[in-house]
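The values are calculated or read from the model by the stated rules, or taken from the named source; none is laboratory data. Note that the coordinates shown come from a computational prediction; the quantities given were computed from them, not determined experimentally. FYI the Cβ positions are ideal-geometry reconstructions off the backbone, even for glycines, and counts take in every protein chain you see.
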Amino acid sequence: MKTGLLAEVKALFIKELMLEWKQKYAFNSILVYMAATVFVCYLSFNLRLPDAITWNALFWIILLFAAINGVSKSFQQEREGRFLFYYQLASAEAIIISKILYNTFFLAIVAFTGLLVFSLVLGNPVQDQPLFLLNLFLGGLGFSSTLTMISGIAAKANNSGSLMAVMGLPVVLPLLLMLIKVSKNAMDGLARSASTDEIITITAIIAIVLAVSVMLFPYLWRS
């Protein structure tokens, strides 16, 4: 990145952090959602711990919808006047990069907090914790990069929340399936070489989405 672009990204990232710290709406609402969902799951299993396969599926389903709810507000909460202000203040590349970085940071906190809640209420059957945590970080980065761009497209379509869900799920689903597979390998304690292909594929998908977002968002922004 150029020095000017780095400065713009840093300023916009700090702005996002300050707004969230002031409002605390998105983070608190998602934490309540995750805690309530985990508790309902616990009651549904008659106060017993679920098996490893069910635990894995529930964890990623809850995390996916938490990501959709959190990242969907990336552009939808911005007013039209603020878009014009950003257009004069920073480049489109800096805006999309700062949004992706902030959402990655946000989802990382949500993911690790969710893992803590799951571990306290539903137990933690994971045997290879480092692999699971790496997969969790890649999942947050993948959800963030994909859903942030889709949120920008939805914002240009009159902030359609339904468009965000319709476009987001088909794009995220292949990534989600690989994340679930790597998590299952970590839970079973398999050799890490068994997850190498999936991790490389996940990383490649994230790299492609990031590159496409940076290249195409300026055209969307100017519209």
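Quick rundown of the values:
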| read-out | value |
| --- | --- |
| Verdict on Ala154 being modelled with pLDDT of 80 or more, buried (at least 24 other Cβ atoms within 10 Å of the Cβ) and assigned to a helix (DSSP H, G or I) | no |
| Subset of region 88-136 that is under 17 Å from the mean Cα position of the chain (by Cα) and of a type in the set (S, T, N, Q) - its residue that is nearest to Phe13 (Cα to Cα) | Ser98 |
| Answer from Phe132, Phe112 - the residue that is modelled with pLDDT of 90 or more and among the aromatic types (Phe, Trp, Tyr) | Phe132 |
| Within region 121-146, considering residues that are part of a helix (DSSP H, G or I) and of a type in the set (A, V, I, L, M), the one surrounded by the most Cβ atoms within 10 Å (Cβ to Cβ) | Leu136 |
| Residues that are hydroxyl-bearing (Ser, Thr, Tyr) and modelled with pLDDT under 75, drawn from region 1-43 | Thr3, Tyr25 |
| Qualifying positions in region 161-201 - surrounded by fewer than 18 Cβ atoms within 10 Å (Cβ to Cβ), farther than 17 Å from Ser72 by Cβ and among the hydroxyl-bearing types (Ser, Thr, Tyr) | Ser193, Thr196, Thr201 |
| Residues that are surrounded by fewer than 19 Cβ atoms within 10 Å (Cβ to Cβ) and either more than 16 Å from Ser74 (Cα to Cα) or of a type in the set (Gly, Ala, Ser) (or both), drawn from region 92-114 | Ala92, Ala108, Ile109, Phe112, Thr113 |
